[in-house]
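Just so you know, all these numbers are worked out from the coordinates, no wet-lab data involved. This structure is a prediction, so every number in the text was calculated from the model and none was measured. Here the Cβ is made from the backbone with ideal geometry for all residues, glycine too, and neighbour counts use every protein chain on show.
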Amino acid sequence: MEKGMISVDRWSEGSQVYFLTHLHADHTNGLSPTWKRGPLFCSSVTAKLFPFKFPGFNLSLLSVLDVTHWHSLSLISPSSGLETTVQVMAIDAHHCPGAVMYLFRGEFGCMLYTGDFRWETTSKRAQIGRTTLLNALKNEKLDILYLDNTYCNPLYSFPSREVAAKQVVNIISSHPEHDIIIGIDSLGKEDLLLYISRLLNMKIWVWPERLQIMHLLGFHDIFTTKTSLTRVRAVPRYSFSVDTLEGLNTLHPTIGIMPSGIPWAVKTAKPNDNLFGSSISRHNRSSWSTNVAMKKPNENLKIVERYHQYIYSVPYSDHSCFPEIQEFVKLLQPTNMKGIVSKSPSYVDPLYYFGYLCAANQPSKRLCHKLEGEEVGERVEAVHVKRNRGSRNSTDAESKRRRATQVDFLGVRVNRVSLLRRLRCGAKIVDIDCTE
DNA sequence: GCGATCAGCT
DNA sequence: CACAGCTGATCGC
C-alpha cells in the first residue's frame, strides 16, 4: 500500500498532514499528549481548547486554519512521488465549539469531509455555510463526500435547535419551584445554556472543569460553580440517571432535561400508553415515540415509569437529522459518498438513501476505483445487515474470528458494511488504493 | 509505573 | 438501540 497524504480525525502513521474536525473524544482516539506524527491542522477555537484536553502536547505541531479561506499545502504526491499542491478550506460545521468541515482539492480531485455537523437550513449560520460551500465549489464537481451519517435514517427527524431550546425554556419555566439538571458533555450545547440563561435571566451552574472550558470559550459571567446562585445546573451526562434524579428528589424537587437526538427511554413506549398519563405535560413526546419491541416488558415498564417521573427528553441535537442530511447531499450532489460514523443508531450506508442524488453509479475513477462496481451491492447489503449484538459476551475465539473478517474485508465486498459498523470515525482520505 | 486499549455503563 | 464519554480493568512496555 502506498503511503497516504492526508488524515482527518485519524491518527495512525502514514500521512503527511493531519486534520482535526473537533475535540469530541470519538474523533481524537489515538491522539495523546505524546503524539508527534506530523503537522496537525484545526480551527482557532479547537486550538484554544486543545491544551486543556491534551496538556503537554507539543503546540508547535498545531496550525490554525481560518474558516472560509483557501490554504495551500505543499505535499508529496503518493502516486508520482513529486511535490504537489493541496488546497484546503475549513468551514463552520455548526456542531460544537470549534467544529469544522474540511474541503480539499488537489490532483486527487475535490473532496469534503464534514466531521460531525448540523445543517439547519433555517439558521443564518447555515445560510453562510451554504454560500461558502457553493462559492468554494463554483465550477467544480465534488468527487467524494465523507458524511456525518449519525442520523442517516428517515426515523430521525427533529426540529431546529432554536425550537428545541424553546421547549427546554418552557419546561423550566413551567416548574418554577423545581431544581433543574441538564445532561451535557464536556463540549457542546453551550448555545442551549446561553439561551436559557438569557431568556430566564439566570446563571447556570456547571462543574469546575466545565467552567474552565466556558471561560476559554469567552463566557465569563453566565456560568457559575456556586450552587446557591441558581436552580439550573448542567451536569455531566454520565452522572445523569434515574438514580441521580431519585436521590436529588429526596432533598429537593428536581427534574432532569436530556437534550439529545436519541430519546432512548421514550422509545420503549407508545404515544398513548398510560406511561404518559402523568399530570405534567410532556412537550416532546408525541413526535418522538418509536415503538420498539421489548424483551422484558414489565421490567422495562418500571424503568420507563421511573424515567418519566423526572426526566424530559428534548430533541436538541448537534447532528443533522435525516431531512437535513438529504438537503445537504442534494445541494452538493457529490460523485461519491461515504459515511464517517460506524456506530450510529441504525447504521445504513448513506448511498442506500442518497445514492440517487449523486452520480454514484459512475464513481470518479481518479478516486477510489476499488469502490466501482461495489456500490449497488453495498446498498443492498446495508439494509439486510444484522446488528452485531452480544459483542460484550463474545468469546476470545469469536473476537478472533471477527478480526479475521476485518482483514478479509479489504478485498471482500460482502463484509464491508459489518466492518464499517465497528470502525471509528476518521479517514485517511487521500490514499491511492482507498482501503483506508 | 505509564500509556494504550477494552469492557461496561449511562 | 446508544449522541459522547466516563470509570475501571487489563495488557504490554
**Study point:** Farthest toward positive dipole pole in segment A:94-249 [+1 Lys/Arg, -1 Asp/Glu at C-beta], among A:L103, A:T227, A:I184
**Key:** A:L103
Point to revise | Bins of 10 Å from zero: percent of alpha-carbon pairs in segment A:78-221 | key: 9, 30, 30, 19, 9, 3, 1
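Once you have the Kirkwood Rh of segment A:146-190 from its Cα pairs, apply Stokes-Einstein at 10 °C and 1.306 mPa s and quote D in µm²/s. Walk me through the intermediate numbers first.
Numbers: Rh = 13.3 Å.
Reported coefficient: 120 µm²/s.
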Check your understanding: Which far-off residues, 5 or more places away or on another chain, put their amide H under 5 Å from the one on A:S317, with H placed in the peptide plane?
Key -> none
Study note, to complete from the structure: Between A:V235 and residues 5 or more places away or on another chain, the pairs with built amide H atoms under 5 Å apart involve A:I182, A:G183, A:I184
Review point. What does the highest-first list of A:183-191, A:58-66, A:119-127 look like by mean Cβ count within 10 Å?
Key: A:183-191, A:119-127, A:58-66
Review point. Using mean Cβ contacts within 10 Å as the protection proxy, how do A:77-86, A:14-23, A:200-209 order, highest first?
Key: A:14-23, A:200-209, A:77-86
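Take the alpha-carbon positions of segment A:1-80, form their convex hull, and give its projected area averaged over all directions (one quarter of the hull surface) in nm². Each step should come with its number before you reach the end.
Details: hull surface 23.1 nm².
The orientation-averaged projected area of the Cα hull of segment A:1-80 comes to 5.8 nm².
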Review point. From the square roots a ≥ b ≥ c of the eigenvalues of the alpha-carbon gyration tensor of segment A:1-142, which class results: rounded (a/c under 1.5), prolate (a/b over b/c), or oblate?
Key: oblate
Review point. Charges only on Cβ, +1 for Lys and Arg, -1 for Asp and Glu: so what's the dipole of segment A:62-218 about the Cα centre, in debye to the nearest 20?
Key: 420 debye
Point to revise | Listed residue pairs exceeding 29 Å between alpha carbons, taken from A:K48/A:K189; A:K138/A:K338; A:K166/A:K226; A:K124/A:K189; A:K141/A:K189; A:K48/A:K138 | key: A:K141/A:K189; A:K48/A:K138
Revision key, fill the gap. Env charge @ A:V232, Cβ radius under 9 Å, K,R +1 / D,E -1, value +2
